[in-house]
Amino acid sequence: MPEKPTATIHRQLLEILSLLPLSSQEEVLDFAISLQKKKLTQYWDAISDAEAAALKTEFADEDLAFAESVLNDYFSQLQQEDAV
């Protein structure tokens, strides 16, 4: 049974990487990570303005709720320190 193209690519990459010095392997890893980030950025760029606005609002609401909860804890900690 012939290998799938993906399996062939993985095997070839592993063979090549194993022959490279560690510093070059790290460069290849950095490049692969940058490709993944670029793909994620392209996904973000592909969503509609309405979807982007909804996500930004959702994140803003979550950030605000988190900040408020942290500030409440911080205020009580300040009061405890003042009592000492």
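Structure notes:
- Length available on full extension from Leu55 to Glu27: 0.36 nm per residue minus the Cα-Cα distance, which gives 6.7 nm.
- Relative to the dominant Cα principal axis of the chain, helix 49-83 is inclined by about 50°.
- Nearest 10 degrees, 0 to 90: helix 5-19 Cα axis against the chain principal axis: 90
- Tyr74/Gln42 FRET efficiency (R0 41 Å; Cβ-Cβ; nearest 0.05): 0.55
- Cα shape, the chain, gyration tensor, a/c 1.5 rule: oblate
- For segment 22-84, the share of accessible area belonging to carbon and sulfur comes to 59 percent (1.4 Å probe, ligands and nucleic acids excluded).
- Using heavy atoms of the protein chains and a probe of 1.4 Å, the accessible area assigned to Phe31 is about 120 Å².
- For the chain, with +1 on Lys and Arg beta carbons and -1 on Asp and Glu, the positive-most of Ala50, Pro5, Leu29 along the dipole: Pro5
- Over the chain: helical MRE at 222 nm, DSSP H runs n ≥ 4 each giving -39500 (n - 2.57), nearest 500: -31500 deg cm²/dmol
- For segment 14-71, the per residue solvent-accessible surface stands at 87 Å², with DNA, RNA and ligands left out and a 1.4 Å probe.
The values are calculated or read from the model by the stated rules, or taken from the named source; none is laboratory data. What you see is a predicted model, and the numbers here were worked out from it, not measured in a lab. Ideal geometry is used to build each Cβ from the backbone, glycine not excepted, and the neighbour counts take in all protein chains shown. Side chains included, ligands, DNA and RNA excluded: accessible areas come from the protein's heavy atoms. Shrake-Rupley method; radii C 1.70, N 1.55, O 1.52, S 1.80 Å.
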